[in-house]
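The values are calculated or read from the model by the stated rules, or taken from the named source; none is laboratory data. Because the structure is a prediction, the values reported are computed rather than measured. For neighbour counting, all protein chains shown are included, and Cβ atoms are generated from backbone atoms with ideal geometry for every residue, glycine included. Side chains included, ligands, DNA and RNA excluded: accessible areas come from the protein's heavy atoms. Shrake-Rupley method; radii C 1.70, N 1.55, O 1.52, S 1.80 Å.
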Amino acid sequence: ILGNEKMISRWPARGGLVIKDDILYFGAGIWPSEKIFIYALDPDDGKVLWVNDSCGELEMPQPHGGAVAKSGLSAQGYFTVADNKLFVPTGRAVPAALNPESGELEYFHLQQYRNLGGSEIMAADSFLFVPSGNTREMYEIAGTRYSVFSSNDGHIIPGELNSEAVAISPEYIYCINNDTHQIEAYKKDKFINYRETLDRRGENVTIKSISDPAWSADILKDYVKTLIV
């Protein structure tokens, strides 16, 4: 087919490569109705360790509330691996999580988080960072914010990182605050704050939220597109 004025494969590799524990992962395909392929390969000789060729043909809830149809995920963006999950970004929708050892789909909360998503996801330990919004206006006017999800089950943690630029080190999560234009550093092992309270039935519940940064500092420029550490 034609893509960007060139003849291209009907199943281009749009799922960015990631290598973890000597296994290479990538995704191919555009339209779920024409099949999507997620591969795990031996990078030394290209041997196929597993392939998921059914994740584009799922009977599942669609972004419009109450709608169920045969659809699925379409890989678009950079894969990442963390918390024994292979995360597959799906363009402007939330990422899907696959088992990196078998390729089986573990979760894809498309309908529940239909207003969140982006191709530039990140993951570290038990946290998954996903751009908060999927409209052109968000990128051009508001700047990107990152929602934080539990990588274990794919459910959101209240709060977000008000930043377009995020980087992760073994000890810290760094970002540039869109409003204050300061760099902020969060201790990774203290990133989530847990608070005990009572619900309306008087039962104990634990409330999770993002902690305050461990430190912040001024930067030389008021607009930062990306960070590396």
Could you say whether any residue in the stretch 176-185 is open to solvent by 60 Å² or more (accessible area, probe 1.4 Å), part of a loop (DSSP other than H, G, I, E, B) and at positive phi? yes
Output for the stretch 1-40, where each listed residue is charged (D, E, K, R) and under 17 Å from Pro95 (Cα atoms): Arg14
Can you tell me which of Leu41, Leu105, Leu86, Leu49 is hydrophobic (A, V, I, L, M, F, W, C) and under 13 Å from the mean Cα position of the chain (by Cα)? Leu86
Report, by residue number, each residue of the stretch 194-211 that is surrounded by 10 or more Cβ atoms within 10 Å (Cβ to Cβ), aliphatic (A, V, I, L, M) and either under 17 Å from Val148 (Cα atoms) or out of contact with any Ser or Thr (no Cβ under 9 Å at 6 or more places or on another chain) (or both). Ile207, Ile210
Residue count, the stretch 124-146 (criterion: modelled with pLDDT under 90, closer than 30 Å to Asp42 by Cβ and either of a type in the set (Val, Ile, Thr) or in a strand (DSSP E or B) (or both)): 1
Keeping to the stretch 2-14, report how many residues are modelled with pLDDT of 90 or more and either assigned to a strand (DSSP E or B) or open to solvent by 40 Å² or more (accessible area, probe 1.4 Å) (or both). 9
Considering only residues that are under 22 Å from Asn99 (Cα atoms) and under 21 Å from the mean Cα position of the chain (by Cα), look in the stretch 58-67 and name the one that is least open to solvent (accessible area, probe 1.4 Å). Met60
Somewhere in the stretch 15-30, is a residue closer than 17 Å to Gly117 by Cα, in a strand (DSSP E or B) and open to solvent by less than 60 Å² (accessible area, probe 1.4 Å)? yes
Take the conditions in contact with a Lys or Arg (Cβ under 6 Å, 6 or more places away or on another chain), in a strand (DSSP E or B) and surrounded by 14 or more Cβ atoms within 10 Å (Cβ to Cβ) and apply them to Val94. Does it pass? no
Residues that are surrounded by 10 or more Cβ atoms within 10 Å (Cβ to Cβ) and not in a loop (DSSP other than H, G, I, E, B), drawn from the stretch 212-229: Trp215, Ser216
Hey, among Lys70, Lys85, which residue is over 30 Å from Asn193 (Cα atoms) and either surrounded by fewer than 17 Cβ atoms within 10 Å (Cβ to Cβ) or touching an Asp or Glu at 6+ places or on another chain (Cβ under 7 Å) (or both)? Lys70
Are there any pairs with C-beta distances below 6 angstrom linking a residue in the stretch 7-27 that is without any contact (Cβ under 8 Å) to a residue 40 or more places away in the chain to a residue that is surrounded by fewer than 12 Cβ atoms within 10 Å (Cβ to Cβ) and among the basic types (Lys, Arg), with the two at least 6 apart or on different chains, and if so which? none
Can you tell me which residue within the stretch 152-175, out of those that are part of a loop (DSSP other than H, G, I, E, B) and not hydroxyl-bearing (Ser, Thr, Tyr), is surrounded by the fewest Cβ atoms within 10 Å (Cβ to Cβ)? Pro170
Could you list, ordered by first residue, the pairs with Cβ atoms under 7 Å in which the first is in the stretch 174-189 and closer than 11 Å to Ile219 by Cα and the second is of a type in the set (Gly, Ala, Ser), at least 6 apart or interchain? Ile176/Ser163; Ile176/Ala165; Asn177/Ser163; Gln182/Ser216; Gln182/Ala217; Ile183/Ser216; Ile183/Ala217; Glu184/Ser216
